[in-house]
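Asker: Structure in structure tokens, see below.
The values are calculated or read from the model by the stated rules, or taken from the named source; none is laboratory data. This is a predicted model, so every value here is computed, not measured. For neighbour counting, all protein chains shown are included, and Cβ atoms are generated from backbone atoms with ideal geometry for every residue, glycine included.
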Amino acid sequence: MPAAGSVVPYLARVALALALLAPIDRLDRDVQRAVQGARRPEFEQPMRTASGTKQGTLVFAGLLAVAIVTGPAGPATARAAIAVLLPVNATVELLKLSVNRARPDGERRRSNSSFPSSHAANATALALVLGLRWRWLAPPLWLLAGTVSFSRIYLNRHFLSDVLVGMAIGVGLGWLTLRWLRSRGWTWHPTT
């Protein structure tokens, strides 16, 4: 609780925060209504596949494949992806616990809250790492990351702001982590 002399500045900051969040919440609700109103049976399965519950298993199986079959740089690439995913996931999970935002479908569990989207954060972080490693794959990787991210809105599991912040975390922390790794001598290619 703020001291008596600091109540007014404290309330002013709270009012400012609420004034800034109100338009975002309104936009989130408008996008939610529009997307839910546009759902079609033919898109249900592709969107469910993009949001698959076994994504973690697929990601690690894919990284294992990258490490084994993509040549000498494969293990370094897989390690870089894991190094990027660690701070991305830690940040997302801490924010989920702190914010505790109910999901658009009404589910409210602090350990699995809506803000931010971990699917979006992970998909964009992986698109960043793998797209930098194999530039020719960057367009389909970013398309896949965008599809995964949109699927979370489509399936009514996240709001637009959840997804956009998740994507920003994935790209921002991914870039910072890769930069940090490079500053310590990391490279795609093993030294011999």
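Asker: Picking from F150, F115, which residue would you name as being buried (at least 17 other Cβ atoms within 10 Å of the Cβ), among the aromatic types (F, W, Y) and part of a loop (DSSP other than H, G, I, E, B)?
Answerer: F115
Asker: S98 passes all but one of (1) out of contact with any helix residue (DSSP H, G or I) (no Cβ under 7 Å at 6 or more places or on another chain); (2) at pLDDT 90 or above; (3) part of a helix (DSSP H, G or I); (4) not β-branched (V, I, T); which number fails?
Answerer: S98 satisfies all of (1) out of contact with any helix residue (DSSP H, G or I) (no Cβ under 7 Å at 6 or more places or on another chain); (2) at pLDDT 90 or above; (3) part of a helix (DSSP H, G or I); (4) not β-branched (V, I, T) except (2).
Asker: Applying the selection to the range 30-72, what residues are assigned to a helix (DSSP H, G or I), more than 21 Å from the chain's Cα centre (by Cα) and loosely packed, with under 12 Cβ neighbours inside 10 Å?
Answerer: Across the range 30-72, the qualifying residues are D30, R33, A34, G37, P41, E42, Q45, I68, V69.
Asker: Failed condition for N100, given (1) touching a Lys or Arg at 6+ places or on another chain (Cβ under 6 Å); (2) without any contact (Cβ under 8 Å) to a residue 24 or more places away in the chain; (3) closer than 19 Å to V31 by Cβ, with all others met?
Answerer: (3)
Asker: On to the next question. Please find, among R109, R157, R103, the residue that is assigned by TED's automatic domain parsing to the domain that holds N89, farther than 26 Å from E42 by Cα, out of contact with any strand residue (DSSP E or B) (no Cβ under 8 Å at 6 or more places or on another chain) and of a type outside the set (A, V, I, L, M, F, W, C).
Answerer: R109
Asker: Report whether or not P75 is more than 15 Å from the chain's Cα centre (by Cα), assigned to a helix (DSSP H, G or I) and either buried (at least 16 other Cβ atoms within 10 Å of the Cβ) or not small (G, A, S) (or both).
Answerer: So P75 passes the test.
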